Amino acid sequence: MTHLIHELGPVWPVLIFLLAISIVAEVCQTAGLFEVAAFWAARAGGGRSVRLWLLVVALCVACTAVLSLDTTAVLLSPVAVALARQCKLPPLPFALTAVWLANTASLLLPVSNLTNLLSLQTFSHLGGQSAYFRTAWLPAVTAVVATVVIIAALHPRVLRGGYDIPQAPAPRDKALVILTGATCVVLAPLFVSGITPAIPAVVAAIVLVAALAVRNRPALRDLTVPWTLALGVLALFVVVEIARQHGLDKVLADLVGGGHGVSADLRLAGVGAVTANVVNNLPAYLALRPTAADTPQRALALLVGVNTGSIVLPWGSLATLLWRDRCKRAGLQINTLRFIGESAAVALVTVVATTLVIH
């Protein structure tokens, strides 16, 4: 039991962050921040659908790289959906762009994904974060480009035609909109400052809940905290850790095999992607990390698998789970079979293309 508690140490900050950032998103949605942000994005798009979509792509990539994939899933997904609806465009391609890039754009910096932070042990003797960036920048760019290309191929309508720029939404509470927007802006540098992301997220949640209590106390009853989601993620970690104690590590090591080079890296990335979709990407990474700690290239190949390949099944990454929750809260229904099929295509293209440029 003591060993299990120790091994689950990295999980608690993740779960705390999940709950806190979800509360931040709830207050932002109640304040109307997402509609306001969508309006300004629609104006920046200039009435051209392709320009609007590329703006969403740029925002998702920047947010994921700097603020982490979970932040993109929680804060940008509702903006993407609201944006499409305001412009009378299909919301699904915009929502899918947010979730796919939240995962596939999470290779660039250590802060982009908790798996990246955990991998720094492998890079520490080579220069730490700078060594990570030197190894990861080209695969990271490749992952983004591959994802954008396959999205355009799957949803060509998003690239055609134009839209009428919507009217500015009526402010629900201008002071609360300003406060929520300022809080999200302040979170950006805090998330990359080296502080555990859960800490500023918790502070932001407390500040915004207090502000909502002052400005609109009855709205507090409508806030939804994803307790069930958090407990489900914790249960996944526990199950995987117990399985590791009963021989899972050896099974995974046999599946991964050894060696170096492109074929070995593709095999490692493929096993990482499949395992991540079965048990979630973070426990998959923790289970597979011992098989990929000998070189930076192997470490990165595993990250490619568990980060960019974990988008097929809804529980493959925490970001995808959070995204589905935000889509549900926004009234957007996701067809699970269609999501799995399209996500599999994106994952296959992205994992293969990204792994090929590691060497």
field: Kirkwood-Stokes translational diffusion coefficient of segment 108-235, alpha-carbon pairs, 37 °C, 0.692 mPa s, µm²/s
entry: 171 µm²/s
field: 16 Å reach of a label modelled at LEU159, 7 Å along Cα-to-Cβ, counting backbone N of segment 81-120
entry: 93-94, 97
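At 25 °C and 0.890 mPa s, grab the translational diffusion coefficient of segment 1-104 from Stokes-Einstein with a Kirkwood Rh over Cα pairs, rounded to a whole number in µm² per second. Provide the component values of the computation, followed by the final result.
Numbers: Rh = 14.7 Å.
The estimated diffusion coefficient comes to 167 µm²/s.
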query: What spacing in nm lies between the two simple spin-label points modelled at ILE178 and VAL145, each 7 Å away from Cα in the Cβ direction?
result: 4.4 nm
message: Which order do the peptides 177-189, 308-320 come out in when sorted by mean C-beta neighbours inside 10 angstrom, highest first?
response: 308-320, 177-189
- prompt: Going by a ≥ b ≥ c, the root eigenvalues of the Cα gyration tensor, does segment 146-208 fall in the rounded group (a/c under 1.5), the prolate group (a/b larger than b/c) or the oblate group?
  reply: oblate
query: Out of every Cα pair in segment 21-73, what percent are spaced more than 18 Å from each other?
result: 43 percent
message: Using a Cα-Cα cut-off of under 30 Å, which lysines could be cross-linked to LYS328, ignoring same-chain neighbours fewer than 8 residues away?
response: LYS88, LYS174
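Show me the helices of the chain, taken as full DSSP H stretches, that run 15 Å or more along their long axis by Cα and average -0.5 or above in Kyte-Doolittle hydropathy.
On the way: long enough: 11-31 (30 Å, 1.97); 33-45 (18 Å, 1.02); 49-67 (26 Å, 2.29); 91-104 (20 Å, 1.06); 129-154 (35 Å, 1.47); 174-191 (26 Å, 1.98); 198-215 (25 Å, 2.45); 227-243 (24 Å, 2.31); 262-279 (25 Å, 1.22); 318-329 (17 Å, -0.57); 336-356 (30 Å, 1.46).
Helices meeting the criterion: 11-31, 33-45, 49-67, 91-104, 129-154, 174-191, 198-215, 227-243, 262-279, 336-356.
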Accessible solvent surface per residue of the chain, calculated while the other protein chains remain in place, 1.4 angstrom probe, Å²: 42 Å²
statement: Out of ALA230, ALA276, ILE165 - ranked by how far each Cα lies towards the positive end of the dipole of the chain, with unit charges on the beta-carbon of charged residues - the top one is ILE165
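Starting from 0.36 nm per residue, how many nanometres of slack lie between ALA188 and ALA62 once their C-alpha separation is accounted for? Could the numbers behind the result be given before it?
Values: separation 126, 0.36 × 126 = 45.36 nm, distance 1.05 nm.
Additional length available on full extension: 44.3 nm.
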task: Starting from the amide H of GLY162, placed 1.01 Å from N in the peptide plane, find each other amide H under 5 Å away whose residue is 5 or more places distant or on another chain.
output: SER49
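Pop out the carbon and sulfur fraction of the accessible area of the chain as a percent, whole number, probe 1.4 Å.
Numbers: 10200 of 14980 Å².
Accessible surface attributable to carbon and sulfur in the chain totals 68 percent.
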statement: Of the candidates LEU303, LEU288, THR336, the farthest towards the positive dipole end of segment 277-359 (Lys/Arg Cβ +1, Asp/Glu Cβ -1, centred on the Cα centre) is THR336
- prompt: What is the Cα centroid distance between segment 89-106 and segment 290-304, reported in whole angstrom?
  reply: 27 Å
query: Quick one: if you stick a label point 7 Å off each Cα along the C-beta vector at ARG221 and TRP12, how many nm between them?
result: 3.5 nm
- line: Here P(r) for segment 251-359, Cα-Cα distances in 5 Å bins, as whole percents, is 2, 14, 23, 22, 17, 10, 6, 4, 2, 0
field: Computed label-point distance, nm, for sites ILE195 and SER263 using a 7 Å Cα→Cβ extension
entry: 5.0 nm
Label corresponding to mean projected area of the Cα convex hull in nm² when calculated from the structure given, among (1) 19.1; (2) 21.6; (3) 17.3: (3)
- prompt: Cα convex hull of segment 78-154: mean projected area in nm², to one decimal?
  reply: 5.6 nm²
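Nothing charged except the Cβ atoms of Lys and Arg (+1) and of Asp and Glu (-1): what's the magnitude of the dipole of segment 24-113 about its Cα centre? Round to the nearest 20 debye. If you can, show how the numbers build up before the last one.
Working: 5 positive and 3 negative charges, 86 e Å.
Once rounded to the nearest 20, the dipole reads 420 debye.
The values are calculated or read from the model by the stated rules, or taken from the named source; none is laboratory data. If you're wondering where the values come from, they're calculated on a predicted model, not measured in any experiment. Note: ideal-geometry Cβ built from the backbone for every residue, glycine included; neighbour counts use all protein chains shown. These area figures cover heavy atoms from the full protein model, side chains too; ligands, DNA and RNA do not enter into them. Shrake-Rupley method; radii C 1.70, N 1.55, O 1.52, S 1.80 Å.
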